[in-house]
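The values are calculated or read from the model by the stated rules, or taken from the named source; none is laboratory data. What you are looking at is a predicted structure, and each value in this text was computed from that prediction instead of being measured. As a convention, Cβ positions derive from the backbone with ideal geometry for all residues, glycine included, and neighbour counts pool all protein chains shown.
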Amino acid sequence: MNTEASAMISTARAAVAQATNKGAQVAEAYICKAKELNIEVRGGLVETMKLAEDSGLGLRVIRDGKTGFSFTSDLNPAGVDEATGQALVNCRKISEDPYQRLPKPGNAYEKLDIYDPGIRGATVEQKIELARSMEEAARSYDRRVKVIESSNYQDGEALVTIVNSHGMELSYHGALCGVYLALAAGEGDDSQTGFALDYTLKYDRLKPAEVGREAARRAIRMLGAAPVTTRHAAVVLDPYVATGFLGLLAPALTGEAVQKGRSLFAGKLGDQVASSKLTAIDDGALPGGIASAPFDGEGVATSRTVLIEKGVLKGYLYNTYTAAKDGVQSTGNGVRNSFKGTPEVGITNFFFEAGTEPVEKLLSEIKSGIYVTEVMGMHTANPISGDFSVGVAGLLIENGELTRPVRGMAIGGNILDFLANVDGVGNDLKFFGGRGSPTLRVAEITISGQ
Amino acid sequence: MIDLVDKQLLKEVLDQALQSGGDFGDIFLEHKKTTAIRCEAGKIEKIQTGVDVGAGIRIISGEATAYAYTNDLSRAGLLNVAGIVSHAAAGGRKNVNLDLTEVQPLVDFTFKERPEDVSTDRKVAVVEAADQAARAVDPARIKQVIVGYGDVVQQVTIANSEGDYVEDERIRTRLVAQAIAVSGAAMQTGYEAVGSLSGFELFISEQPSLVGEAAARQSVNMLEAQPAPAGRMPVVIAGAAGGTMVHEACGHGLEADLVQKGLSVYAGKKGQAVAAKEVSVVEDPTLNVRYGSYRFDDEGVPSRKVTLIEDGVLTNYMYDRLTAAKDATQSNGHGRRESYQHKPVPRMGNTMIAPGKTDPAKIIRETRTGLLVKKMGGGQVNTTTGDFVFDVAEGYLIKDGEAGPRVRGATLTGNGPEVLRIVEMVGSDLGFTIGTCGKDGQGVPVSDAQPTIAIKELIVGGTATGPSNGKIRRI
């Protein structure tokens, strides 16, 4: 353990000791120290360069079944003292809840390769050059690429420490980097946007030129898009769009949503809830996963949780609190967005497992359909009922071939019916940050158009 | 005020940041204390408080911005950050003014009951009052009530290379209630929020129980509503609906950064008629204690009222320092940021369509038939084109000039700039809503308002996609 980590452990230890001295029966200190670099290039010039460093403490205390929380970015003794006092004040008026508890130590933690020194090792100049080369690759892909909205390079690293009064003392160091490009292509009066991104744990795995070309390709192929007539046809969701639909399921698969009556999966364990071709997994220890870490936001070892296996609902995600309520073990999904919040049930690396079929084969079997590459209004879907109605755009499939761009079409229905109709899963699982999906093919549905 | 860092050190830090060049440099120091209380299923689930302290330093050279932040406010910590941003500038040290003279505001606000002086018990009592009032509206059919209370005490110090020095304090308090009513297979939601630039005195003018009641009534009332009709029809948007539409579909297009990037329909339209003659759009952060009010913006520029559209003619944009310099003008006090972790960008505060002279009741009477919108829900807006879709959270059919039966599941589809051109009547009332406006990944508190307006016609979609989540997504 380096000196920085041991300094954080001792700050956390002191905070926990202070909280128990002040009357907490159990206490937990979470400290995160983060660094971030963001470079935005436009027209070959650096438009914005942002460097960040911050750290803070989140303190959770339990007294008589009541949990209090407070946070501070001031890790000096005075700041910690105020935070411990305030956390205890905050638990006074909280409703008593017998399931409030902190995890015990003794977990076995996986050793994960989540800190690449190459990210910090690369110079700022190299990173600027990377964003420039991505922009250049996009521009030179096609002369119709008109506006580069932004060409971004980003990296970040975090040192996370958790100490609790049950004797838990943990820390890890993680880092990630990524590129993002958004652009607009134009021809005549028509303008279409495209973007691409790539986040990874290894600096030398970044492929800026590929990302630049991908963004350009997405915009260019949509030039001249027009609506077609309403039809009953197959839809093929590219990995990005399929990942968006997968995202709709995330809240419903949490133990919290089930317990609060907000999940469309409540009471359906063991039921067939999707096509037998679909398997959905959350894996907080996934090798190479952007959201991978040895433990979650309260120190529970992360794990691989099969949520839907061959279409059958197998389980839900839990943090320590919701697991206690259901009498099960936490799945290591107590996720913290920052030191400013408590660990809530959330996803880590969440994905549909890859299938076996090449995308070309999935397409070639379709007589009439739409290859969907963009969706509008996904956030208006109702996560409780699963009802959705979204605008879609993409490419027309005719006799197994992608023929021309279409936009202004709409599909709707219920997410469960939609997923039950998946009849093909590609072998091209792709991640967008922590979420991912292969290409999915959905058997005939109504696609509204002109 | 908490003395974050002394003036002499600020001078040294700015001096260090500007050592290798840069046209402008500033430092933003922030001390923020927050309280959040959440009640769900009749239980106080969360009481969370916190302190976040930090500083952001910015150097602008030409069109490039270098920004760095830290929450290490020690002398060494600040000088280290200044050193980092200084590397991004080139061309050698320029002539800068580091006098740091205190800037005077054009408006002042006083806080009567500071959140730190109010016990947690009293804050919890406010939440419980709203929760109980909501449940009491219809104990059988109200299935869920969620109430959230929040207060923020933000103290900032801003100093820059033009010699300005500003200390400011913003205290904001809010209360939000959400209710879900169920009857058979029908489920409807209701939402109400109040908030202002003030301390706990907010609850002298805004009774917590009324907030809960309003959310609950809305959810229960909508259970009995009939499905909305579809098609083109005249639409009256009541003042009570607030200015969500003007904020989202027009306001963003009047922010100078979007205008300069060519991402706004209002680019190059200054001096031109862009709305009906009856329409004036005003952005006024000086309003007394509204949720989006402020004394100084986050670049230390005194806030002021800016008329964006006057009698239908586009008169001005919202500027921060960077966009103002590009247009060879002065900032008009709209450079805002979420926290020390963000660089400022042009933002709204309190945006509104200015009230006219027509009695709101007369507007409904003269509309004869159409849709009356009493409350807006969530939606989606393309800020580049102004195209929008909004859910109508509470709507009524207008028949024979009277507000008739309630309708549910209506959506409004249109184009913001186009709508302003077909406004036919403007009421003498004014209704506000509050919210957190997101842009470039930064959320800032805002309010928006409008009088009752009659719009010649909008496309009303009558197919409900389920309860609105109240969120607005911009693309």
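Values for this structure:
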| item | result |
| --- | --- |
| Test for A:Ser95: is it more than 14 Å from B:Gln48 (Cβ to Cβ) and touching a Cys at 6+ places or on another chain (Cβ under 7 Å) | no |
| Output for the range A:335-387, where each listed residue is more than 10 Å from chain B (Cβ to nearest Cβ), outside any strand (DSSP E or B), more than 20 Å from A:Leu248 (Cα to Cα) and more than 16 Å from the chain's Cα centre (by Cα) | A:Gly355, A:Thr356, A:Pro358, A:Val359, A:Glu360, A:Lys361, A:Leu362, A:Leu363, A:Ser364, A:Glu365, A:Ile366, A:Lys367 |
| Within the range B:123-149, tally of residues that are charged (D, E, K, R), in a helix (DSSP H, G or I) and more than 10 Å from chain A (Cβ to nearest Cβ) | 2 |
| Filter result for A:Thr72 (without any contact (Cβ under 8 Å) to a residue 60 or more places away in the chain, closer than 30 Å to A:Lys127 by Cβ and either surrounded by 21 or more Cβ atoms within 10 Å (Cβ to Cβ) or within 7 Å of chain B (Cβ to nearest Cβ) (or both)) | no |
| Residue in the range B:81-101 that is surrounded by the most Cβ atoms within 10 Å (Cβ to Cβ), counting only those that are in contact with a Ser or Thr (Cβ under 8 Å, 6 or more places away or on another chain) and over 18 Å from B:Gln8 (Cβ atoms) | B:Ala88 |
| All strands (runs of 3 or more DSSP E) inside the range A:1-93 with 3 or more residues being of a type in the set (Ser, Thr, Tyr) | A:66-72 |
| The listed residue being buried (at least 22 other Cβ atoms within 10 Å of the Cβ), within 30 Å of B:Glu116 (Cα to Cα) and charged (D, E, K, R), out of B:Glu192, B:Glu206, B:Glu255 | B:Glu192 |
| Any hit, the range A:309-320, residues being free of Cβ contacts under 8 Å to residues at least 24 places away in the same chain, of a type in the set (Gly, Ala, Ser) and outside the structural domain of A:Asp204 (by TED's automatic domain parsing) | no |
| Cβ-Cβ under 9 Å pairs, at least 6 apart or on other chains, the range A:403-416 side away from chain B (no Cβ under 12 Å), far side loosely packed, with under 15 Cβ neighbours inside 10 Å and acidic (Asp, Glu) | A:Arg404/A:Glu398 |
| So B:Asp99, is it in contact with a Leu (Cβ under 8 Å, 6 or more places away or on another chain) and farther than 21 Å from B:Asp320 by Cα | no |
| Boolean, A:Glu96 is surrounded by fewer than 14 Cβ atoms within 10 Å (Cβ to Cβ) and assigned to a loop (DSSP other than H, G, I, E, B) | yes |
| All positions within the range A:294-313 that are in a loop (DSSP other than H, G, I, E, B), surrounded by fewer than 22 Cβ atoms within 10 Å (Cβ to Cβ) and not charged (D, E, K, R) | A:Ser303, A:Gly311 |
| Matching residues, the range B:368-392, being away from every other protein chain (no Cβ under 11 Å), in a strand (DSSP E or B) and within 19 Å of the chain's Cα centre (by Cα) | B:Lys375, B:Met376, B:Val381, B:Phe388 |
| Matching residues, the range A:414-430, being in a strand (DSSP E or B) and closer than 22 Å to A:Leu363 by Cβ | A:Val422, A:Asp423, A:Gly424, A:Val425, A:Gly426, A:Lys430 |
| Scan of the range A:248-279 for residues that are farther than 23 Å from A:Tyr321 by Cβ, away from chain B (no Cβ under 14 Å) and not in a loop (DSSP other than H, G, I, E, B), ordered by number | A:Gln272 |
| Meets criteria (part of a loop (DSSP other than H, G, I, E, B), within 23 Å of B:Thr383 (Cα to Cα) and free of Cβ contacts under 8 Å to residues at least 12 places away in the same chain) for B:Gly292 | no |
| Test: residue in the range B:344-354 that is of a type in the set (Ser, Thr, Tyr) and surrounded by fewer than 22 Cβ atoms within 10 Å (Cβ to Cβ) | no |
| Every pair of residues 6+ apart whose Cβ atoms lie under 8 Å, when the first sits in the range B:57-76 and is more than 8 Å from chain A (Cβ to nearest Cβ) and surrounded by fewer than 24 Cβ atoms within 10 Å (Cβ to Cβ) while the second is of a type in the set (Asp, Glu) and assigned to a loop (DSSP other than H, G, I, E, B) | B:Ile60/B:Asp23; B:Ser61/B:Asp23; B:Gly62/B:Asp23 |
| Selection count, the range B:304-320, where residues are within 30 Å of B:Ile59 (Cβ to Cβ) and surrounded by fewer than 24 Cβ atoms within 10 Å (Cβ to Cβ) | 3 |
| Condition met for A:Ala83 (touching a Leu at 6+ places or on another chain (Cβ under 6 Å), within 13 Å of chain B (Cβ to nearest Cβ) and not charged (D, E, K, R)) | yes |
| Any chance B:Glu278 is of a type in the set (Asp, Glu), closer than 28 Å to B:Glu366 by Cα and not in a loop (DSSP other than H, G, I, E, B) | no |
| Selection status of B:Ala36, assigned to a strand (DSSP E or B) and either without any contact (Cβ under 8 Å) to a residue 40 or more places away in the chain or among the hydrophobic types (A, V, I, L, M, F, W, C) (or both) | yes |
| Hits in the range A:88-122 (condition: of a type in the set (A, V, I, L, M) and more than 8 Å from chain B (Cβ to nearest Cβ)) | A:Leu88, A:Leu102, A:Ala108, A:Leu112, A:Ile114, A:Ile119, A:Ala122 |
| Selection status of A:Tyr316, under 30 Å from A:Tyr109 (Cβ atoms) and either in contact with a Leu (Cβ under 9 Å, 6 or more places away or on another chain) or crowded, with 18+ Cβ neighbours inside 10 Å (or both) | yes |
